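S.K.: Can you read through this structure? Questions will come right after.
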Amino acid sequence: MPVTIEFLGHSGFFISDGKYRVVIDPFLSDNPFAKKKAEEIRCDWIVLTHGHSDHSGDAEVIAKRNGATIHAIYELADIFNEKGCKVSHANQGGQVKTEFGSITLVQAFHSSSFEGRYAGMPCGIVLEIGGVTLYHCGDTSLFGDMALIGEIYQPQIAMIPIGDRYTMGPRLASKAAEFIRPKIAIPIHYKTFPEELINDASEFQPKGIEVRVMEPGDTFVYPA
C-alpha cells in the first residue's frame with residue numbers, strides 16, 4: 001500500500017497510508033521554517049522520540065484538537081496524560097500493535113526532559129504502516145546497534161539526524177545510514193537553528209543509499 005510521507009520540518013513528519021494518519025515529533029509553532037501550523041494538522045496518532053520542546057512542543061495542541069493518541073515512553077506519556085491527552089505508554093524494545101500496523105520504541109543516545117521534568121529515556125521509533133517500515137532515529141549519537149536495528153526491522157526508510165552539536169554530524173550520520181541500510185535516508189535535525197546546527201546536508205553521503213533531502217512541506221509517496 002502506498003504510504004505518503006510529508007516532512008514537517010526539523011525532525012517532524014506526517015505519515016499516512018490513506019486511512020490512518022501518524023505524526024512524529026511535531027515542532028511547528030516555534031519553528032521558523034515550518035510551513036504548517038499546529039492547528040492545521042489532522043492525525044490519529046502522535047509518536048514522540050523524547051520530551052525536548054523541538055520534538056514534542058505541539059503534541060498537546062494537536063492531540064486535543066484531533067482526539068489523537070500520543071504514543072511515547074512511559075514517563076513522557078504520563079506527563080501528557082496529566083495534561084488531559086489520550087496516551088499510549090510504552091518502553092524501549094516493546095512493540096505495540098495498532099490499527100495501521102505497529103510502533104516499536106528503540107534505543108537512542110541523548111537526553112530527555114519536558115518543561116524541566118524528567119521525561120524518560122530518549123528513543124528511536126520503528127513504525128510499520130501500510131506495509132512500509134520506517135526508522136526515525138530520534139536525537140542520537142552513533143551507536144553500533146543501529147546495524148542490529150536495521151537487520152531486525154529492515155526499514156525501507158530511515159530519518160537520521162545530521163545537525164551536529166546535539167546529535168551526530170554528517171560524517172557519523174553517514175555511517176549510521178550504512179549500518180541501518182535503508183533504501184532511502186532522509187537527513188533531519190539540521191538548519192533549524194543556524195547558529196548551532198549545520199546548515200546543509202551536502203556532507204551526508206552514505207555509500208550505496210539514496211539520500212532524499214526534504215524541505216518543510218515536501219512530500220513523497222513510497223513505494224513510488
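S.K.: So for segment 75-89 (the condition being touching a Lys or Arg at 6+ places or on another chain (Cβ under 8 Å) and either within 23 Å of Gly9 (Cβ to Cβ) or in a helix (DSSP H, G or I) (or both)), does at least one residue qualify?
M.R.: Looking through segment 75-89, at least one residue is touching a Lys or Arg at 6+ places or on another chain (Cβ under 8 Å) and either within 23 Å of Gly9 (Cβ to Cβ) or in a helix (DSSP H, G or I) (or both).
S.K.: Tally up the residues in segment 75-108 that are surrounded by fewer than 16 Cβ atoms within 10 Å (Cβ to Cβ) and either among the aromatic types (Phe, Trp, Tyr) or touching a helix residue (DSSP H, G or I) at 6+ places or on another chain (Cβ under 6 Å) (or both), please.
M.R.: 2
S.K.: Which of the numbered conditions does Gly208 fail, given that it passes all the others? Conditions: (1) in contact (Cβ under 8 Å) with a residue 12 or more places away in the chain; (2) on the phi < 0 side of the Ramachandran plot; (3) in a loop (DSSP other than H, G, I, E, B); (4) surrounded by fewer than 19 Cβ atoms within 10 Å (Cβ to Cβ).
M.R.: The number of the failed condition is (2).
S.K.: I've got another one for you. If you scan segment 190-205, which residues turn out to be surrounded by 14 or more Cβ atoms within 10 Å (Cβ to Cβ) and under 20 Å from Leu28 (Cα atoms)?
M.R.: Matches in segment 190-205: Tyr190, Lys191, Thr192, Phe193, Leu197, Ile198.
S.K.: Just to check your reading of the model, which residue among Ala59, Ala63, Ala34 is in contact with a strand residue (DSSP E or B) (Cβ under 6 Å, 6 or more places away or on another chain), free of Cβ contacts under 8 Å to residues at least 24 places away in the same chain and not β-branched (Val, Ile, Thr)? Spell out how you get there, then give the answer.
M.R.: On the way: Ala59 fails: free of Cβ contacts under 8 Å to residues at least 24 places away in the same chain; Ala34 fails: free of Cβ contacts under 8 Å to residues at least 24 places away in the same chain.
Just a single option satisfies the conditions, and that option is Ala63.
S.K.: Suppose the filter is over 13 Å from the mean Cα position of the chain (by Cα) and small (Gly, Ala, Ser); does Gly138 pass it?
M.R.: Considered against the rule, which asks whether it is over 13 Å from the mean Cα position of the chain (by Cα) and small (Gly, Ala, Ser), Gly138 comes out as no.
S.K.: Looking at segment 12-32, is at least one residue closer than 16 Å to His189 by Cβ and more than 17 Å from the chain's Cα centre (by Cα)?
M.R.: Checked segment 12-32: at least one residue is closer than 16 Å to His189 by Cβ and more than 17 Å from the chain's Cα centre (by Cα).
S.K.: Which of the residues belonging to segment 164-179 are part of a helix (DSSP H, G or I) and of a type outside the set (Phe, Trp, Tyr)?
M.R.: Start the filter on segment 164-179 by keeping residues that are part of a helix (DSSP H, G or I), which leaves 170-179.
Passing the criteria: Pro170, Arg171, Leu172, Ala173, Ser174, Lys175, Ala176, Ala177, Glu178.
S.K.: If you don't mind, there's one more thing I want to ask. Evaluate the following for His71: is it closer than 21 Å to Ile129 by Cβ and crowded, with 21+ Cβ neighbours inside 10 Å?
M.R.: Values: closer than 21 Å to Ile129 by Cβ: yes; crowded, with 21+ Cβ neighbours inside 10 Å: yes.
It is true that His71 is closer than 21 Å to Ile129 by Cβ and crowded, with 21+ Cβ neighbours inside 10 Å.
S.K.: Sticking with this structure for a sec: Could you check segment 194-205 and list, in sequence order, the residues that are within 18 Å of Gly9 (Cβ to Cβ), out of contact with any strand residue (DSSP E or B) (no Cβ under 6 Å at 6 or more places or on another chain), in contact (Cβ under 8 Å) with a residue 12 or more places away in the chain and not aliphatic (A, V, I, L, M)?
M.R.: Glu196, the sole residue that qualifies.
S.K.: Another one. For segment 99-121, name all the residues that are part of a loop (DSSP other than H, G, I, E, B) and not small (Gly, Ala, Ser).
M.R.: Applying the first criterion (part of a loop (DSSP other than H, G, I, E, B)) to segment 99-121 yields 99-100, 108-112, 115-116, 119-121.
Once the filter is applied, which keeps residues that are part of a loop (DSSP other than H, G, I, E, B) and not small (Gly, Ala, Ser), segment 99-121 yields Glu99, Phe100, Phe109, His110, Glu115, Met121.
S.K.: Which ones in segment 130-156 are in contact with a strand residue (DSSP E or B) (Cβ under 8 Å, 6 or more places away or on another chain), of a type in the set (A, V, I, L, M, F, W, C) and surrounded by 24 or more Cβ atoms within 10 Å (Cβ to Cβ)?
M.R.: Residues satisfying the conditions are Leu134, Cys137.
Coordinate-derived values only; no laboratory data. Treat the numbers as computed from the prediction; the structure is a model and nothing was measured. Every residue, glycine among them, receives a Cβ derived from its backbone with ideal geometry; neighbour counts consider all protein chains shown.
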